[in-house]
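Single-structure report; data block below.
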Amino acid sequence: MAYDVVVIGSGPGGYSAAVRAGQYGLKTALIEKQPRLGGTCLLVGCIPTKTLLHTADVWDYFKHASENGIECKDPQLNYPQVLDRKNKIVTKHSKGIEFLMRKNKVDVIKGFARLLGGGRIEVDGEKGKQTVEAKNIILATGSEARMLPGLQPDAKLILTNIEILDLTSVPSTLGIIGAGAVGMEFASIYNRFGSKVTVLEMLPRVVPAEDEEVSKELEKYFKKTGIRVETGAKAENIRRNESSVSLTVTLANGNKEEMEFEKLLIAVGRRPNTENLGLENTKVELDRGFVKVDGRQRTGEPGVYAIGDIVGGTPQLAHVATAEGMVAVGDIAGKPRPPINRNRIPGATYTEPGIGSVGLTEAQARAQGFQVKVGKFPFAGDSKATILGMHEGFVKVVSDAKHGEILGVHIIGPEAFELIGEAVAAMEAEATVDTLMHTIHAHPTLYEAVGEAFNAVEGLAINI
Ligand SMILES: Cc1cc2nc3c(=O)[nH]c(=O)nc-3n(C[C@H](O)[C@H](O)[C@H](O)COP(=O)(O)OP(=O)(O)OC[C@H]3O[C@@H](n4cnc5c(N)ncnc54)[C@H](O)[C@@H]3O)c2cc1C
């Protein structure tokens, strides 16, 4: 008998969609080629990196304990223990997803899925090949690290997010090509673990998707903490030595420099997993490898939906994959949900200091012709930030002067990725600058800085 829904891929997009389909009483199966459920996010992305970043935070506390009047004699970083904790968290959550599948009566089929056309899917698994039939298919096959031309990762010298997470010791020097969220997060982790870190970025600024002022602030802080950051830099001629990697870097000023690192991380973006998926047997359309979908996540092939990192036009983030899954299943179940609004997607980069952002940057708002009014409040004026000893960064509100519409909010500073939640909810509820100015913020908290940034739009911030 045909399933109502077959989901291919068990990342945050796929497993959440399968749960929701189960909740709606649809006969559902989830196909996954890896032995464990969870996809990139759980196994080699969001969760292991944030676990390491938390350890880096704890390690920072120990290093600065004396500032709080606590003497810690000779604290040590036990790296195998750090990895063990990370691995246990990943395993626990992967088992959690298995539990969710059982709870929601979702059949899990292990193997590589390929579309045969007409709602049929071939699954090549441990027990050989089988064909599964589905009334609806949700493609959620995710992405993998892009490589530089001619380069292949290995477990020893040239790494992607997968290999770096299994290093058994902290490298003395780490080169990172790419200053997007992934590259900058690993820089933040390993710098604090004691590596000498160099970040090389071809574009003129780090975290290029963020507001320009946020990029500047992060670069300034990274440099202050000893990370070498070279923007406008081109890495070429990458060579593996016995126990190091050499490369030639053309710096922004045109000078060439030979660099050598114990390990080199390539973090130059992610390519969608749409190869060998049998898409040629369907009318699914691609645009530079990404699947084209409409506002209901429908592809060109009737009954075939696509969500998450394989979809073009939305950022490659776990919560986007999940939200798109809800839209797809809502459509299948006849319980439609609004399409994804690109301007209401929070971005979160878990560096130290962190970044949380939503909506238009100042430059984007100006380019779209808005009469832009900006409010900015630095964490230096926030008493909770003083208590935490984290004064870096600011909250920046981009608004439309005409109607007080909130166009974007950009936060860099302590817990920025948590603080952005208020701005996302405000924008979703179509609140105005005025509403946020009247919203009472508890004291002392970090989110007072958000309230003050809205006051600052009208030049009425109190604490600066
Ligand atoms: C280092 C790193 C850190 C990140 N941190 C964050 C973060 O903090 N927050 C955030 O929001 N995002 C983060 N991301 C991005 C996030 O991981 C992705 O956006 C998210 O995993 C995408 O989910 P997905 O469901 O589309 O696909 P994926 O999570 O990639 O899952 C796809 C699944 O499909 C399976 N699959 C593929 N092809 C087939 C096939 N033919 N048959 C069967 N199974 C198949 C794969 O094995 C995989 O399990 C991070 C990414 C990286 C690399």
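Brief remarks follow.
- Search result, residues across region 137-194 that are among the β-branched types (Val, Ile, Thr), within 16 Å of the ligand (Cβ to nearest atom) and in a loop (DSSP other than H, G, I, E, B): THR141, THR160
- Test result for ILE307, within 16 Å of the ligand (Cβ to nearest atom) and modelled with pLDDT of 95 or more: yes
- Some residue of region 15-38 being free of Cβ contacts under 8 Å to residues at least 12 places away in the same chain and surrounded by fewer than 22 Cβ atoms within 10 Å (Cβ to Cβ): yes
- ASN237 being away from the ligand (no atom under 16 Å from the Cβ), of a type outside the set (A, V, I, L, M), part of a loop (DSSP other than H, G, I, E, B) and over 30 Å from PRO339 (Cβ atoms): no
- Set ASP84, ASP57, ASP74: member being among the acidic types (Asp, Glu), over 20 Å from GLY14 (Cα atoms), out of contact with any helix residue (DSSP H, G or I) (no Cβ under 9 Å at 6 or more places or on another chain) and assigned to a helix (DSSP H, G or I): ASP84
- Taken over region 261-270, the criterion of being away from the ligand (no atom under 11 Å from the Cβ) and under 24 Å from the mean Cα position of the chain (by Cα) is satisfied by LYS263, LEU264, ILE266, VAL268.
- Members of region 199-258 found to be closer than 19 Å to HIS410 by Cβ, in contact with a strand residue (DSSP E or B) (Cβ under 8 Å, 6 or more places away or on another chain) and among the hydrophobic types (A, V, I, L, M, F, W, C), listed by number: VAL206, VAL207, ALA209, VAL214, LEU218, PHE222
- Matching residues, region 107-136, being among the small types (Gly, Ala, Ser), surrounded by fewer than 21 Cβ atoms within 10 Å (Cβ to Cβ) and away from the ligand (no atom under 11 Å from the Cβ): GLY117, GLY118, GLY119, GLY128
- Of the residues making up region 42-67, those that are more than 16 Å from the ligand (Cβ to nearest atom) and in contact (Cβ under 8 Å) with a residue 24 or more places away in the chain are TRP59, ASP60, HIS64, GLU67.
- Being crowded, with 17+ Cβ neighbours inside 10 Å, in contact with a helix residue (DSSP H, G or I) (Cβ under 8 Å, 6 or more places away or on another chain) and not hydrophobic (A, V, I, L, M, F, W, C) is a property that holds for GLY142.
- Residues of region 330-359 satisfying the condition of being assigned to a loop (DSSP other than H, G, I, E, B) and under 30 Å from ILE138 (Cβ atoms): GLY334, LYS335, PRO336, ARG337, PRO338, PRO339, ILE340, ASN341, ILE345, PRO346, TYR350
- Hits in region 410-464 - residues which are surrounded by 21 or more Cβ atoms within 10 Å (Cβ to Cβ) and part of a strand (DSSP E or B): HIS410, ILE411, ILE412, GLY413
The values are calculated or read from the model by the stated rules, or taken from the named source; none is laboratory data. Here the structure is a predicted model, which means the values were calculated and not measured. Ideal geometry is used to build each Cβ from the backbone, glycine not excepted, and the neighbour counts take in all protein chains shown.
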